[in-house]
Amino acid sequence: MKRIFSGVQPTGNLHLGNYLGAIRNWVRLQADYECLYCVVDLHAITMPQDPVALKNATREVAASLLAAGIDPAHSIVFNQSQVGAHAELAWIFNCIARIGWLNRMTQFKEKAGKQRDSASAGLYIYPNLMAADILLYKATHVPVGEDQKQHLELTRQIAGSFNSTYGVELFPMVEPLILGAATRVMNLRDGTKKMSKSDASDFTRINLTDSPDAIVQKIRKAKTDPNPLPEAAQGLEERPEAANLIGIFAALSDDSVESVCRRFAGAQFSAFKEQLATLAIDTLAPITGEMRRLLADVSYIDRTLREGAEKARAIADPILRETQSIVGFLRP
């Protein structure tokens, strides 16, 4: 069976963009793939984290995955740090990957910014850990956004280099799964930027923990332009905020942007936003309610992650042992 690995950082404040761009697709993929969904807390500490907040965020992210419909009876849900093989394989890949490959990774430049010299070594080499996350399970596919394709290419490069160096065919050439047109949900106050949980203003995003009243308020205050909604998608050119709201409506309703434009052609944004708010609440309120129920019993979340880690180790450990033998490590 085809196997998927995907991960999400436990940095809290998962939002509508995370849901539409990733989590909803992960739920749907369960029907056709063997899926491993990981809360990547090892990746999280490449940036400073408060330990208590990190634990809480790990549980919150796990709760959001379960509340959205990821079934731990069919998919493996776990947090990365409970499976030590991730770090062990990452070290081997640190010795396979080349500095030049990492120098081309644009996300390090974006995250480190002008503080490059004071950034952690972990932030610089974390693409090697991402490769280990995927190849540790011999995943065949990874659902990715456009901004993650570079990391997947590095994973393929590392897999190919390892196989070539040792004359084996151990690691597969993992393939990307780019799902749907409406995977990029943009900032509610600036349609040229992605919706982000790190943005200082809470009004730029719809959080999965938002109440219905908060959702209504945020959508009403979302930036638009003075023109009515167009009758065709072509009319959204040079209108990023309008395109974003219509794209969100299309994604939430599993419809096309073209169809949504026809439906609301000529309408004012005030009326459209009321419809969008209702649709967002109908979709997200059940998830939010289930998240709150799960977070009221963290023992269930912890047990689910622990059991998921046991299942993950059952797959990962034999692959790591095989890798270590190929490299030449003596094992007990």
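The values are calculated or read from the model by the stated rules, or taken from the named source; none is laboratory data. Just so we're clear, the structure is a prediction, and the values are computed from it rather than from any experiment. All Cβ positions, even for glycine, are placed from backbone atoms using ideal geometry, and neighbour counts span all protein chains on display.
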Q: Would you check which residues across the stretch 223-244 are farther than 20 Å from Arg205 by Cβ and either outside any loop (DSSP other than H, G, I, E, B) or among the small types (Gly, Ala, Ser) (or both) and list them?
A: Ala232, Ala233, Gln234, Gly235, Leu236
Q) In the stretch 249-266, what count of residues is obtained for those that are closer than 11 Å to Leu279 by Cβ and in contact (Cβ under 8 Å) with a residue 24 or more places away in the chain? A) 5
(Q) For a quick check of your reading of the model, give me the residue pairs whose first member lies in the stretch 143-163 and is closer than 16 Å to His86 by Cα, whose second is small (Gly, Ala, Ser) and not in a helix (DSSP H, G or I), with beta-carbon atoms closer than 8 Å and at least 6 apart or on different chains. (A) Ile158/Ala97
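Of the residues Ile70, Ile23, which is in contact (Cβ under 8 Å) with a residue 12 or more places away in the chain, under 17 Å from the mean Cα position of the chain (by Cα), under 23 Å from Lys311 (Cβ atoms) and in a loop (DSSP other than H, G, I, E, B)?
Details: Ile23 fails: in a loop (DSSP other than H, G, I, E, B).
Within the list Ile70, Ile23, the selection yields Ile70.
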Q: Could you look through the stretch 254-278, keep only residues that are under 28 Å from the mean Cα position of the chain (by Cα) and over 19 Å from Asp210 (Cβ atoms), and pick out the one that is surrounded by the most Cβ atoms within 10 Å (Cβ to Cβ)?
A: Val260
Q. Which residue out of Ile287, Ile319 is outside the structural domain of Thr209 (by TED's automatic domain parsing) and either buried (at least 17 other Cβ atoms within 10 Å of the Cβ) or assigned to a loop (DSSP other than H, G, I, E, B) (or both)?
A. Ile319
Q) Of all residues in the stretch 106-130, which are assigned to a helix (DSSP H, G or I), surrounded by 15 or more Cβ atoms within 10 Å (Cβ to Cβ) and free of Cβ contacts under 8 Å to residues at least 40 places away in the same chain? A) Phe108, Ala112, Tyr124, Ile125, Pro127, Asn128
